[in-house]
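Remarks on the structure that follows.
The values are calculated or read from the model by the stated rules, or taken from the named source; none is laboratory data. These numbers come from a predicted model, not from an experiment. Cβ placement follows ideal geometry from the backbone for every residue including glycine, while neighbour counts extend to all protein chains displayed.
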Amino acid sequence: MSDIRWKTFWLGLGLLAVALVIWAIKGIVLALVFLCIALSLYIARLLYWLYQLQIWLRTPSLNEVPEGKGIWETVFSSLFQHQRKNIRAEAELVAALEGFKRATNALPDGIVVLNHRDEVEWCNPPAELLLGLDISRDVNQPVQNLVRYAEFINYLQSSQYAEPVIVKSIRNTETTLQIQLIVFGTAQKLLICRNISAQEKIDTMRRDFIANVSHELRTPLTVVGGFLETLLDTKDAVPDSSKGYFDMMISQTSRMRLIIEDLLTLSRIESNSESPTTSVINMSTLLTMLQNDAKALSNGKHKIHLNADETLNIKGSNDELLSAFTNLVTNAVRYTPKGGDVTIGWTLKNKQAVLNVKDSGIGIEAQHIARLTERFYRVDNGRSRDTGGTGLGLAIVKHILNRHKARLEIKSTIGEGSTFSIVFPQSRTAIKPSEEAA
Ligand code: ADP
């Protein structure tokens, strides 16, 4: 540009100098006439090159950039460079896009790009196959009109995409699909769809195997435990020196029986694909029962408090939720030393029903918290066993909560205590009708 400025400057200066010379020799009138003619020619030339530029801009081909004269030579040469850079960048972008498309087409997972209105922008061939989409027909169509699974539509509308949703394929009932949404850019979404039928089959085999083994072990263990107790109760059947061993055998068989019962409960809950009922649970009765159970377990060693919102109820399976709540309260008592407090809270928070079980117990170190709901995960093996734990309680809680679309939140400070909170979705919350009307 500085080139253009200098060229214009020197041209203007030249014209002015010639005009001054004419003024000095021939007078001011001729000098002004000269200036007018020179400026008119200059403007005409300007208009001519602007016209050339306009023609070129209609179809800006690199081969047809006008050459230009004077300052226009610089303008067109800059345009040429700029256009060449653009074409190169465009080619690189197209190549990158093609590479990306080839890579996503090679993926076994279906990928669909949705715009901010949840309309299909693009999808790869596996997505067409798994979800029955057709990219030539379905672009700009709302995804909920194309992927018509009720579970998926609820998931899409929930805006909670941390966990994927599992659906049975409509096109092939043998196929199970896992669909996950990921938000990116400005409210766009990436839909990832995976065929998890094989993994499901393995999971079912594993569940069946554990359930069968547990079931098969239950009877012999009951028999062994029964005989041990009978022998111990029979006069002179066991010498005094061996009675200690018999006590240990009885306690170990009852521990094994507890583990087997918990394993059976877990596989029963896991293999139950039906949604829990939506009948309203009378929470006030259930919470009083829970408090009484906690008192019985504590045997006067702890203070058990109950702070409940009497107007708040919940829809779900009474038995399953009682089992989940009991697990949390039992743990609170078991992991709180004598003289401590256990508080059961039942309240509405952000339109969601929340059950809090707070204790002033031993607490849990932060690194263990994420793994507590894994089967047999224990922070302290000895303590769990001594207090009659199987290591399966929180795994059972997690599965019951999954079935009710609820989540477990754990906060804990070592030496100060823990709070286990169950947060129910709004859809499962029920306010007592009379209170609601008031
Ligand atoms: P367990 O039968 O061993 O108690 P759970 O699945 O119920 O098994 O709990 C898993 C582990 O979580 C326990 O072994 C214990 O270390 C820890 N835990 C659970 N609840 C509490 C609590 N309220 N306070 C401290 N630790 C807890």
Of the residues that make up the range 22-31, is at least one of a type outside the set (S, T, N, Q) and touching a residue at least 24 places away in the same chain (Cβ under 8 Å)? no
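For the range 378-387, which positions are more than 6 Å from the ligand (Cβ to nearest atom) and part of a helix (DSSP H, G or I)? Steps first, please.
Just the residues of the range 378-387 that are more than 6 Å from the ligand (Cβ to nearest atom), to begin with: 381-383, 385-387.
Residues satisfying the conditions are Asn381, Gly382, Arg383, Arg385, Asp386.
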Do we have any residue at all in the range 279-291 that's of a type in the set (Ser, Thr, Tyr), assigned by TED's automatic domain parsing to the domain that holds Ala430 and closer than 25 Å to Arg378 by Cα? no
Extreme residue, nearest to the chain's Cα centre (by Cα), among residues of the range 51-61 that are in a helix (DSSP H, G or I) and surrounded by 12 or more Cβ atoms within 10 Å (Cβ to Cβ): Trp56
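How many residues does the range 270-309 contain that are polar (S, T, N, Q), within 36 Å of the chain's Cα centre (by Cα) and farther than 18 Å from Ser360 by Cα?
Let us first name the residues in the range 270-309 that are polar (S, T, N, Q), namely 271-273, 275, 277-279, 282, 284-285, 288, 291-292, 298-299, 307.
So of that shortlist, the ones also within 36 Å of the chain's Cα centre (by Cα) come out as 271-273, 275, 277-279, 282, 284-285, 288, 291, 307.
From what's left, farther than 18 Å from Ser360 by Cα: 271-273, 275, 277-279, 282, 284-285, 288.
The total comes to 11.
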Please work out which residue is nearest to the ligand (Cβ to nearest atom), limiting yourself to the range 388-438 and to residues that are assigned to a strand (DSSP E or B) and modelled with pLDDT under 90. Thr429
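From Glu320, Glu270, Glu310, which residue is surrounded by fewer than 17 Cβ atoms within 10 Å (Cβ to Cβ) and among the acidic types (Asp, Glu)? Don't jump to the end; show me each part of the working.
On the way: Glu320 fails: surrounded by fewer than 17 Cβ atoms within 10 Å (Cβ to Cβ); Glu270 fails: surrounded by fewer than 17 Cβ atoms within 10 Å (Cβ to Cβ).
That would be Glu310, the only listed residue that is surrounded by fewer than 17 Cβ atoms within 10 Å (Cβ to Cβ) and among the acidic types (Asp, Glu).
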Sort out which residues of the range 348-372 are in contact with a Leu (Cβ under 7 Å, 6 or more places away or on another chain) and more than 8 Å from the ligand (Cβ to nearest atom), and write them in order of number. Leu348, Ala353
Determine which single condition Arg375 fails, assuming it passes every other condition in (1) more than 9 Å from the ligand (Cβ to nearest atom); (2) more than 22 Å from the chain's Cα centre (by Cα). (1)
Selection from the range 323-347 of residues that are surrounded by fewer than 20 Cβ atoms within 10 Å (Cβ to Cβ), away from the ligand (no atom under 14 Å from the Cβ) and not basic (Lys, Arg): Gly339, Gly345, Thr347
Report the residue count in the range 4-50 for those that are closer than 22 Å to Leu79 by Cβ and outside any helix (DSSP H, G or I). 0
Look at Thr219 and say whether it is surrounded by 12 or more Cβ atoms within 10 Å (Cβ to Cβ) and farther than 23 Å from Glu121 by Cα. no
Of the conditions (1) away from the ligand (no atom under 16 Å from the Cβ); (2) over 16 Å from Thr419 (Cα atoms); (3) among the aliphatic types (A, V, I, L, M), the single one that Leu290 does not satisfy is (1)
